[in-house]
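The values are calculated or read from the model by the stated rules, or taken from the named source; none is laboratory data. Nothing here was measured: the structure is a model prediction, and the numbers come from that model. Cβ coordinates were reconstructed from backbone atoms using ideal geometry, including for glycine residues, and neighbour counts include every protein chain displayed. Surface areas here come from the heavy atoms of the whole protein model, side chains and all, with no ligands, DNA or RNA. Shrake-Rupley method; radii C 1.70, N 1.55, O 1.52, S 1.80 Å.
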Amino acid sequence: MRIGIACYPTYGGSGVVASELGLELARRGHEVHVISYAMPFRLQGYHERVYYHELEVTAYPLFKHPPFTLSAACKMIEIAQLYRLEVMHVHYAVPWAVCANLAREVVQAQDGQLKVITTLHGTDITLVGNEPAFFEMTRFGIQRSDAVTAVSSYLEAATRTTFGIDAPIHVIHNCVDSQRFQPRSPGNPCKRLNLAPAGEKLMIHVSNFRPVKNVPDVVKTFALVRKELKCRLLMVGDGPELPAARSLAEELGVAADVLFLGPQQAVEDILPCADLFILPSAYESFGLSALEAMSCGLPVIATKIGGLSEVITSGVDGWLCPVGDCRCMAQRACAVLTDDEHHEAMGRAARKKAVEHFSPDRIVPQYEELYRTVISTDKGWKLVRA
Ligand code: GMT
């Protein structure tokens, strides 16, 4: 198939999922055309059958706000026509779903064919898309897509409730490449000497440091854990809450043991060095960063919110605590980090879950099947049943 993929390029789950999916589809022989306004970071390098098309937003003195949505739709039209794309698969509803619907209208008006698939990732429904400024257009983009997928059952239900949608929304979980995200082992060693010079345990948090991630709770939980055992915290990523996290670490007297590593291209090189992943989000539709950690054999301490319970089984491969309950997260973390047998069992279960339930071989064919169904269906997504 000839597939277009549009996504955000920045450090964020939707761009990662879109890029990894594109690479997997190309490996399976499909031709993949990725549209974004910068090279998505997980797409770097040369990959056979993957083509990147940069979208430029025209500036003009008259425009206080350059019309990004129109430029994106025009780029989709250009690429769809040039490469005879069959499907435009957009990741994150705002504004990509609307752009793709516009592009399809134009392509069809010129006697072409293009099907639109929208994958909902989370904040496009729960935070951004339901803002009054975007609500109606988000609903329109979703309703008019030929097929819609959500990355968790939780998000599917939330979309129905928020937007009053009754047509099918296909739940397709995210996946992780377990070959790349491997546990620490003699074959995949990790230089812990600088990270944990005194043999400390290592907790790790990876995110884009947005308010929804509850970054202060990472630091607060760590401060509680550190009172009980020798431990350090690795903070990977960048975003608006980073300066506050630094200040809080100072304030709580743990700054010397918190290492801010910045955004990292290859998080799979750092994750295996750590012992425990922490994700105290106020909301999380899936938690891809947690899944990547689990694939590296790390138990996860997270919040009982959104789709996280579809990824983490509390008490088996991690623990889920109420949002904001740092004491609960710290107690669980201490229990896991001070009992080697328990830690090893949870790490093994985490890896097993990632490999058995969330492998690309299990997930990507679900997208391929959806593409085939949508391409061969004339009347659009209302005929496509989950
Ligand atoms: O997590 C973020 O802040 C980024 C955001 C995105 O769309 O780029 O992530 C969302 O999509 C990820 C991939 O499907 C999910 O794993 C994340 O849970 C989801 N984030 C939230 O729901 C906050």
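Side notes on the structure shown:
- In the range 192-357, Cα pairs under 8 Å separated by at least six residues give a relative contact order of 22 percent.
- Hydrodynamic radius of the range 192-357 per Kirkwood, over alpha carbon pairs, in Å: 15.3
- For the range 197-243, average projected area of the Cα convex hull in nm²: 3.4
- Contact order for the range 164-257, expressed relative to its length and based on alpha carbon pairs under 8 Å spaced 6+ residues apart, stands at 27 percent.
- Computed from Cα positions, the angle between helix 340-357 and the longest principal axis of the chain comes to roughly 10 degrees.
- Relative contact order for the chain, counting Cα pairs under 8 Å that sit 6 or more residues apart, in percent: 14
- For the range 88-165 and the range 44-70, distance of Cα centres in Å: 20
- Neighbourhood net charge (11 Å Cβ-Cβ; Lys/Arg +1, Asp/Glu -1) for S152: -3
- Straight-distance candidates among the lysines for linking to K191, with alpha-carbon spacing under 29 Å and chain neighbours fewer than 8 residues away dropped: K201, K213, K220, K227, K230, K352, K353.
- Per residue accessible area in Å² of the chain, where ligands, DNA and RNA are left out and the probe is 1.4 Å: 43
- For the chain, a crude dipole built from +1 on the beta carbon of Lys and Arg and -1 on the beta carbon of Asp and Glu, taken about the Cα centre, is about 120 debye to the nearest 20.
- Cysteines having no other Cys beta carbon under 4.7 Å from their own, within the chain: C7, C74, C99, C175, C231, C296, C326, C334
- For the range 113-177, the calculated P(r) over all alpha carbon pairs, in 10 Å bins from 0 to the bin holding the longest distance, is 22, 57, 19, 2 percent.
- Inter-centroid distance (Cα atoms) of the range 286-353 relative to the range 210-251, Å: 17
- Rg over Rh, two decimals, the range 233-305 (C-alpha only, Kirkwood Rh): 0.96
- Within the range 272-386, all pairs of alpha-carbon atoms sorted by distance into 5 Å bins from zero give the percentages 2, 12, 20, 19, 14, 10, 7, 7, 5, 3, 1, 0.
- Here M39 and L252 are evaluated by their C-beta separation; at R0 = 51 Å the FRET efficiency comes out at 0.85.
- Helix axis angle, 68-83 relative to the chain longest principal axis, alpha carbon, degrees: 70
- Among A244, A354, A302: highest mean-square fluctuation, GNM of the chain, C-alpha pairs under 10 Å: A244
- Here the gap between R84 and T313, fully extended at 0.36 nm per residue and compared with their Cα-Cα distance, gives a gain of 78.1 nm.
- Net length gained if the chain between A198 and I375 were fully extended (0.36 nm per residue, minus Cα distance): 57.9 nm
- Surface share of carbon and sulfur [accessible, 1.4 angstrom probe, percent] for the range 237-386: 49
- Shape descriptor for the chain: Rg over Rh equals 0.99 (Cα atoms; Rh from the Kirkwood inverse mean 1/r).
- Between 0 and 90°, nearest 10: helix 135-144 axis offset from the chain longest Cα axis: 60
- Both radii were evaluated on the Cα set of the range 1-62; the Rg over Rh quotient, with Rh as the Kirkwood radius, amounts to 1.04.
- Max mean-square fluctuation residue, GNM over the chain, Cα-Cα springs under 10 Å, options E20, E31, E341: E341
- Residue separation of H53 and D269 scaled by 0.36 nm, minus their Cα-Cα distance, works out to 74.9 nm of gained length.
- Springs join every pair of Cα atoms under 10 Å in this Gaussian network model of the chain, and among L276, L261, L337 the largest mean-square fluctuation is at L261.
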